[in-house]
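Some notes on the structure that comes next.
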Amino acid sequence: NAGVTQTPKFQVLKTGQSMTLQCAQDMNHNSMYWYRQDPGMGLRLIYYSASEGTTDKGEVPNGYNVSRLNKREFSLRLESAAPSQTSVYFCASDSNYGYTFGSGTRLTVV
Amino acid sequence: KNQVEQSPQSLIILEGKNCTLQCNYTVSPFSNLRWYKQDTGRGPVSLTIMTFSENTKSNGRYTATLDADTKQSSLHITASQLSDSASYICVVSPSGTGKLIFGQGTTLQVKP
């Protein structure tokens, strides 16, 4: 099925560990996004990529890096995880007719 | 500061009943307003997208309305079903930014 695929679905990290969240879309969309969702708050934009080869900071970029590997893939990296990064992370792509979201990665940093 | 506020925070209704969720925003100007449904453990799924010039948009039992003068939108759910239990998120896109501002969502629980 067409859509946005995120891996992994769940992850537990120790403070200071690093990891990369993977995202791929097969809809040929130019724009891709990484959001985090925390209880009682709206989704907040971490980074986005308007097209292959470009990335820009969103609302809460500190502690994260991204790579737009090609048109399909957009990864999010935590270099040194902190408990404040415990959250649910969503990747999305945009066709100008609406966002398509992945099913999320639930990350816990202990 | 651009904000999107939703009410109520949570709502419980009986199956078959109607309900209306509210969204107030301060974003101006904006290019479109969207409503998303998010099931537990899943990503948001688009229900409706309205431009600033549209007053209403329907998607099955879901009807969204928009009053750009008062900066209010509502999502009306008709003849609710158990599968409507989810979080409903109002999202506004400021003009010229390509970005989205998300409300905190309304959690709806439909009971049999």
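The values are calculated or read from the model by the stated rules, or taken from the named source; none is laboratory data. None of these values were measured; they are calculated from a predicted model. All Cβ positions, glycine included, derive from the backbone under ideal geometry; neighbour counts span all protein chains shown. The accessibility values were calculated without ligands, DNA or RNA, using every heavy atom of the protein model including side chains. Shrake-Rupley method; radii C 1.70, N 1.55, O 1.52, S 1.80 Å.
Quick one: which of B:Thr70, B:Thr63 is more than 12 Å from chain A (Cβ to nearest Cβ), within 14 Å of the chain's Cα centre (by Cα) and of a type outside the set (Gly, Ala, Ser)?
B:Thr63
Any residue at all in region A:53-69 that's of a type in the set (A, V, I, L, M), assigned to a strand (DSSP E or B) and open to solvent by 70 Å² or more (accessible area, probe 1.4 Å)?
no
Considering only region B:1-48, state which residues are of a type in the set (Ser, Thr, Tyr) and either in contact with a Phe, Trp or Tyr (Cβ under 8 Å, 6 or more places away or on another chain) or assigned to a loop (DSSP other than H, G, I, E, B) (or both).
Passing the criteria: B:Thr26, B:Ser28, B:Ser31, B:Tyr36, B:Thr40, B:Ser46, B:Thr48.
May I ask you to list the residues in region B:29-46 that are free of Cβ contacts under 8 Å to residues at least 60 places away in the same chain and either open to solvent by 70 Å² or more (accessible area, probe 1.4 Å) or more than 14 Å from chain A (Cβ to nearest Cβ) (or both)?
Scanning region B:29-46 gives B:Thr40, B:Arg42, B:Val45.
Would you say B:Ile49 is within 14 Å of another protein chain (Cβ to nearest Cβ), closer than 22 Å to A:Asp38 by Cα, surrounded by 16 or more Cβ atoms within 10 Å (Cβ to Cβ) and at pLDDT below 95?
So B:Ile49 does not fit the description; no.
How many residues does region B:77-112 contain that are more than 14 Å from every other protein chain (Cβ to nearest Cβ), part of a strand (DSSP E or B) and open to solvent by 60 Å² or more (accessible area, probe 1.4 Å)?
Here the count works out to 2.
Being part of a strand (DSSP E or B), over 15 Å from B:Lys99 (Cβ atoms) and in contact with a Ser or Thr (Cβ under 6 Å, 6 or more places away or on another chain), is that true of even one residue in region A:8-17?
Yes, there is a match, as at least one residue in region A:8-17 is part of a strand (DSSP E or B), over 15 Å from B:Lys99 (Cβ atoms) and in contact with a Ser or Thr (Cβ under 6 Å, 6 or more places away or on another chain).
Return the pair list, or none, for Cβ contacts closer than 8 Å from residues in region A:38-49 that are closer than 18 Å to A:Asn65 by Cα and within 8 Å of chain B (Cβ to nearest Cβ) to residues that are part of a loop (DSSP other than H, G, I, E, B) and of a type in the set (S, T, N, Q), at least 6 apart or on different chains.
Listed pairs, sorted by first residue: A:Tyr48/A:Thr55.
Of a type in the set (D, E, K, R), in contact with a helix residue (DSSP H, G or I) (Cβ under 7 Å, 6 or more places away or on another chain) and open to solvent by 20 Å² or more (accessible area, probe 1.4 Å): is that true of B:Glu5 in this structure?
no
Only residues that are aromatic (Phe, Trp, Tyr) and either facing another protein chain (nearest Cβ under 9 Å) or surrounded by fewer than 20 Cβ atoms within 10 Å (Cβ to Cβ) (or both): list them for region A:72-110, please.
Residues satisfying the conditions are A:Phe90, A:Tyr97, A:Tyr99, A:Phe101.
Return only the number of the condition from (1) within 14 Å of chain B (Cβ to nearest Cβ); (2) in a strand (DSSP E or B) that A:Gln22 does not satisfy.
(1)
If A:Leu69 satisfies every condition in (1) among the aliphatic types (A, V, I, L, M); (2) more than 14 Å from chain B (Cβ to nearest Cβ); (3) in contact (Cβ under 8 Å) with a residue 12 or more places away in the chain but one, which is the exception?
The failed condition is (3).
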